[in-house]
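Notes follow the structure.
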Amino acid sequence: MATTPFLTVNGVAWPCPMHGFTYTWATVVNAGRNANGAVIGQVVGRQIIKFECTWAGLMANEWHSIMESLDDFYVPVTFYDVRDNRKKTLICYPGDRSATPLFLNSSKRPYQYESCKVNLVDCGL
């Protein structure tokens, strides 16, 4: 039986992140406070999602594939939305990306990375 990718970003199936993957939902509000300090505002649009992905280690080809999938500013991200209990695709932009080279080959090129991290932020489109 074929497995479904955890996240598909710009057509690339990403490996499942390690324990610690985080979905963050943000409610966008046009808010302020009145003279009594009470919040005055209302929800604007829909909830925005941020994906925080972390891998303990990735081979160079896996990290390269992830980084290539983020070449465009706007990227489609397909994921399982726990709120709707179904797969959904949103347009996101890549936030911070980082990795630490762990092992080098004889040409002094990394062939394995550790502490790989990528943030994807919902564009609200």
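If I ask for residues that are small (Gly, Ala, Ser) and either part of a strand (DSSP E or B) or out of contact with any strand residue (DSSP E or B) (no Cβ under 6 Å at 6 or more places or on another chain) (or both), which ones from region 49-61 would you list?
Answer for region 49-61, where residues must be small (Gly, Ala, Ser) and either part of a strand (DSSP E or B) or out of contact with any strand residue (DSSP E or B) (no Cβ under 6 Å at 6 or more places or on another chain) (or both): 56, 57.
Please work out which residue is farthest from the chain's Cα centre (by Cα), limiting yourself to region 27-54 and to residues that are closer than 24 Å to residue 110 by Cα and not charged (D, E, K, R).
Among them, the one singled out is 54.
Give just the number: which of (1) within 29 Å of residue 29 (Cβ to Cβ); (2) out of contact with any strand residue (DSSP E or B) (no Cβ under 7 Å at 6 or more places or on another chain); (3) among the charged types (D, E, K, R) does residue 109 not satisfy?
(1)
What is the one condition in (1) in contact with a helix residue (DSSP H, G or I) (Cβ under 8 Å, 6 or more places away or on another chain); (2) charged (D, E, K, R); (3) buried (at least 16 other Cβ atoms within 10 Å of the Cβ) that residue 97 does not satisfy?
Going through (1) in contact with a helix residue (DSSP H, G or I) (Cβ under 8 Å, 6 or more places away or on another chain); (2) charged (D, E, K, R); (3) buried (at least 16 other Cβ atoms within 10 Å of the Cβ) one by one, residue 97 breaks only (3).
If you take the residues of region 93-125 that are touching a residue at least 12 places away in the same chain (Cβ under 8 Å) and not in a strand (DSSP E or B), which of them is nearest to the chain's Cα centre (by Cα)?
123
Within the bounds of region 31-48, is there any residue that is modelled with pLDDT of 90 or more and in a strand (DSSP E or B)?
yes
Could you please let me know if residue 35 is of a type in the set (A, V, I, L, M) and surrounded by fewer than 13 Cβ atoms within 10 Å (Cβ to Cβ)?
So residue 35 fits the description; yes.
If you scan region 16-30, which residues turn out to be in a loop (DSSP other than H, G, I, E, B) and either of a type in the set (D, E, K, R) or surrounded by 10 or more Cβ atoms within 10 Å (Cβ to Cβ) (or both)?
Within region 16-30, 16, 17, 18, 20, 21, 27, 28 meet the criteria.
So which residues in region 55-86 are of a type in the set (A, V, I, L, M), more than 12 Å from the chain's Cα centre (by Cα) and crowded, with 16+ Cβ neighbours inside 10 Å, if there are any at all?
58, 60
The values are calculated or read from the model by the stated rules, or taken from the named source; none is laboratory data. Computed from a prediction, not measured in an experiment: that's the story for all the values here. Note that we place each Cβ from the backbone using ideal geometry, even for glycine, and neighbour counts take in every protein chain shown.
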